[in-house]
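The values are calculated or read from the model by the stated rules, or taken from the named source; none is laboratory data. In this text the structure is predicted, and so the values were computed from the model without any measurement. No Cβ is skipped: glycine too gets one built from the backbone with ideal geometry, and neighbour counts run over all protein chains shown. Quick note on the areas: whole protein, heavy atoms, side chains included, nothing else; ligands and nucleic acids left out. Shrake-Rupley method; radii C 1.70, N 1.55, O 1.52, S 1.80 Å.
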Amino acid sequence: MLTRRHVLASALAAPAVLRMGIGTAHAATTLKISHQFPGGTIDKGDFRDRLCRMFAAEVAKRSGGELTAEVYPNSSLIKTNAQFSAMRKGALDLSLYPMPYAGGELPETNIGLMPGLVTTYDQGLRWKKEPVGKALTDFLADKGILLISWVWQAGGVASRSKAIVAPEDAKGLKVRGGSREMDMVLQTAGAAVLSVPSNELYAAMQTGACDAGITSSTSLISFRLEEVAKSLTSGAGASYWFMLEPLMMSKAIFDKLPKNQQDIILAVGTELEAFGRKGAQDDDTEVAKVYEKAGAKVSALDATIVGKWRDIARDTAWKDYGAKTATAANLLKLASDVAA
């Protein structure tokens with residue numbers, strides 16, 4: 001298993017490996033990992049960037065430098081929405097990518113942000129070993145994508161004015177929901193919707209193009225939305241917004257690697273899932289402190305309010321999604337079978 005000492009030692013060794021290669025035994029393979037989030041270091045910053053750096057350091061260590069990786073934060077290598085398609089084509093190796101961002105290309109991926117479907121971390125993380133996990137991984141593999149680390153994140157709402165807690169609070173506001181299905185729920189509640197990736201939310205809220213944004217606790221912090229918000233609805237205690245935001249890999253690239261390197265990638269990816277969960281949950285707690293310090297009013301969700309959002313979602317978004325394709329209908333049924 002990964003330990004902090006293990007990872008930090010690997011991180012220190014990684015630059016030397018990148019410079020020196022592995023001698024004359026084999027040609028080193030360098031993977032490129034892209035994501036949209038702010039960059040940092042292996043032990044400071046957005047946990048999603050840290051997870052990518054930990055992954056890079058550990059695969060280099062375990063492969064003896066035969067397999068290395070470089071991390072490109074802030075969509076500096078490939079623009080946010082293009083990363084999924086690039087992986088499918090083999091033009092990008094890996095990305096820590098919000099799954100529903102791929103919904104325009106593969107509508108089935110919107111299962112990764114179906115309002116009210118996942119309501120706890122335990123429930124979401126059980127997917128991997130349940131029939132829904134097998135169905136989802138099989139579907140994605142057929143489309144050229146492998147899930148390396150399963151990462152779920154709860155979300156909250158940053159608002160320029162009043163807090164959005166219950167559905168009726170959204171009426172008349174322009175809100176970013178994060179997926180087609182979340183947008184359907186917001187529209188039913190009387191809101192107008194805006195479709196932008198989370199790294200563009202600050203500018204949208206700053207200019208008034210967007211009144212409120214729903215996104216993960218980590219993004220609420222990393223993109224400094226407290227600077228343009230007067231209210232926060234925290235998802236720490238309960239949430240109707242859980243996003244599957246895994247570390248993904250191009251199957252075409254993975255299939256070209258020798259089996260020992262494939263095994264290392266899969267093992268490290270699985271071991272980092274515990275780090276991903278802790279990072280997400282730590283930020284669920286931290287986000288309220290950040291917004292309170294900035295002077296924002298912080299509100300909380302409870303099971304009753306989450307139920308109101310779920311009721312709307314079940315009658316609108318769930319029905320619409322389930323009617324898309326046979327695969328979507330099956331994924332929705334299997335996910336619904338995973339008890340909270």
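The distance between label points at Leu266 and Arg224 comes to 4.3 nm (points 7 Å beyond Cα on the Cα→Cβ vector).
Atom-type composition of the exposed protein surface of the range 199-265 places 49 percent of the accessible area on carbon and sulfur (1.4 angstrom probe). Our helix-only sum for the chain, with -39,500 (n - 2.57) per DSSP H run of n ≥ 4 divided by its residues, gives a mean residue ellipticity at 222 nm of -13000 deg cm²/dmol. Rounded to the nearest 20, the size of the Cβ-charge dipole of the chain about its Cα centre is 360 debye, with Lys and Arg at +1 and Asp and Glu at -1. Rounded to the nearest 20 debye, the dipole magnitude of the range 126-257 is 140 debye, with +1 charges on Lys and Arg beta carbons, -1 on Asp and Glu beta carbons, and the Cα centre as origin. For Asp282 and Asp315, a Förster radius of 41 Å and the Cβ-Cβ distance give a FRET efficiency of 0.75, rounded to the nearest 0.05.
On the beta carbon distance between Lys171 and Thr41, with R0 = 41 Å, the FRET formula returns roughly 0.45. Between Glu292 and Lys162, the distance separating the two model label sites (each 7 Å from Cα on the Cα→Cβ line) works out to 2.4 nm.
Rolling a 1.4 Å probe across all protein chains gives Ser216 an accessible area of roughly 0 Å².
Of the options Gly237, Leu332, Ala82, report the single residue whose Cα projects farthest towards the positive end of the charge dipole of the chain (beta-carbon charges: Lys, Arg +1; Asp, Glu -1). The one lying farthest along the dipole's positive direction is Ala82.
Take Thr207 and Asn74, extend 7 Å from each Cα along the Cα→Cβ direction, and tell me the distance between the two endpoints in nm. Those two pseudo-labels are separated by 2.0 nm.
When the Gaussian network model of the chain links Cα atoms closer than 10 Å, the mean-square fluctuations of Thr207, Thr270, Thr285 top out at Thr207. When percent of Cα pairs over 31 Å apart is calculated for this entry, the matching label among (i) 39; (ii) 35; (iii) 30 is (iii).
In the structure shown, the pairs Lys89/Lys256; Lys79/Lys319; Lys129/Lys319 are assessed against 23 Å; a Cα-Cα span above that value is assigned to Lys79/Lys319; Lys129/Lys319.
The Thr304 and Thr30 beta-carbon pair, evaluated with R₀ = 51 Å, returns a calculated FRET efficiency of approximately 0.50.
Descending by average beta-carbon neighbour count within 10 Å, the peptides 103-116, 31-44 line up as 103-116, 31-44, the highest first.
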